[in-house]
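Visitor: Quick one: the structure is below, and I'll ask about it shortly.
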Amino acid sequence: MSETNINESTTNDPQPEPHPIEVIYQGECPSLSGRSVLTYAVGRHPDGTLHLKVVSNDGGGMWCDEWIPGSDIDAVVIGQTELTSRAFQVLKPGRSTNTAGFVMAALKSLGLIRTNAENTRLHEHVPTETFEKVVMARMGQASPKPRRKKEA
């Protein structure tokens, strides 16, 4: 019979499994309404992909605090000139509607989107920017170049 070390903790709660996404950057920004301050995190998955999540809101309220892949964010944002929070609801469907607006605020803070000059109720993609590029710029790093596959 083999021995295993048993944690001396007497709690009945199972230990949460570590999340594979490592936080690499954390920032604060005002909400779009300006009534609260949000904290957001950018994380890197072991496969190298970047993700975003809203961590806290000093104004209270509900939101989804799950990671959102940067590729999903780019799919919503790139090339768009009339973005509203409704466009971001596809990122976490069926979750709190606050999530979409909070994600927009974080993306605006990072520089991926900006207020539309013609209609301040709308936001637009900042041309040539991607989620990865704005995150790397914020962290003071160059975006990694795509890896080429070796030919067989």
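Here is a yes/no grid of residues against (1) under 15 Å from the mean Cα position of the chain (by Cα); (2) closer than 20 Å to residue 30 by Cβ; (3) assigned to a loop (DSSP other than H, G, I, E, B):
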site	(1), (2), (3)
89	yes, no, no
94	no, no, yes
99	yes, yes, no
102	yes, yes, no
105	yes, yes, no
117	no, yes, yes
124	no, yes, no
128	no, no, yes
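Visitor: Filter the range 105-139 for residues that are closer than 19 Å to residue 43 by Cβ and among the hydrophobic types (A, V, I, L, M, F, W, C) and give the result.
Guide: Of everything in the range 105-139, those that are closer than 19 Å to residue 43 by Cβ and among the hydrophobic types (A, V, I, L, M, F, W, C) turn out to be 105, 106, 107, 110, 112, 131, 134, 135, 136, 137, 139.
Visitor: If you take the residues of the range 1-42 that are part of a loop (DSSP other than H, G, I, E, B) and of a type in the set (Asp, Glu), which of them is modelled with the highest pLDDT?
Guide: In the first step, residues of the range 1-42 are kept if they are part of a loop (DSSP other than H, G, I, E, B); the result is 1-21, 31-36.
Add one more test, that the residue is of a type in the set (Asp, Glu), and what stays is 3, 8, 13, 17.
Numbers: 3: 36, 8: 36, 13: 48, 17: 52.
My answer is 17.
Visitor: Mind telling me which of the residues 78, 68, 113 ends up being among the β-branched types (Val, Ile, Thr), within 24 Å of residue 137 (Cα to Cα) and in contact with a Lys or Arg (Cβ under 7 Å, 6 or more places away or on another chain)?
Guide: On the way: 78 fails: in contact with a Lys or Arg (Cβ under 7 Å, 6 or more places away or on another chain); 113 fails: in contact with a Lys or Arg (Cβ under 7 Å, 6 or more places away or on another chain).
Being among the β-branched types (Val, Ile, Thr), within 24 Å of residue 137 (Cα to Cα) and in contact with a Lys or Arg (Cβ under 7 Å, 6 or more places away or on another chain) holds for just one of 78, 68, 113, which is 68.
Visitor: Turning to a different aspect of this structure: I'm checking my understanding of the structure. Among residues of the range 63-87 that are among the aliphatic types (A, V, I, L, M) and within 11 Å of the chain's Cα centre (by Cα), which one is surrounded by the fewest Cβ atoms within 10 Å (Cβ to Cβ)?
Guide: Residues of the range 63-87 among the aliphatic types (A, V, I, L, M): 68, 73, 75-78, 83, 87.
When the remaining residues are screened for being within 11 Å of the chain's Cα centre (by Cα), the result is 68, 73.
On the way: 68: 21, 73: 24.
The selected residue is 68.
Visitor: Quick one: in the range 103-152, of everything that is modelled with pLDDT of 95 or more, charged (D, E, K, R) and more than 15 Å from residue 80 (Cβ to Cβ), which residue is surrounded by the fewest Cβ atoms within 10 Å (Cβ to Cβ)?
Guide: 133
Visitor: Can I ask one more? Out of all the residues in the range 43-81, which are among the aliphatic types (A, V, I, L, M), free of Cβ contacts under 8 Å to residues at least 60 places away in the same chain and part of a strand (DSSP E or B)? Working first, answer last.
Guide: As a first pass, look at the range 43-81 and keep what is among the aliphatic types (A, V, I, L, M): 50, 52, 54-55, 62, 68, 73, 75-78.
Next, from what is left, pick out any that are free of Cβ contacts under 8 Å to residues at least 60 places away in the same chain: 54-55, 62, 68, 73, 75-78.
Correct list: 54, 55, 68.
The values are calculated or read from the model by the stated rules, or taken from the named source; none is laboratory data. Keep in mind the model is a prediction, meaning the values are calculated, not measured. Cβ coordinates were reconstructed from backbone atoms using ideal geometry, including for glycine residues, and neighbour counts include every protein chain displayed.
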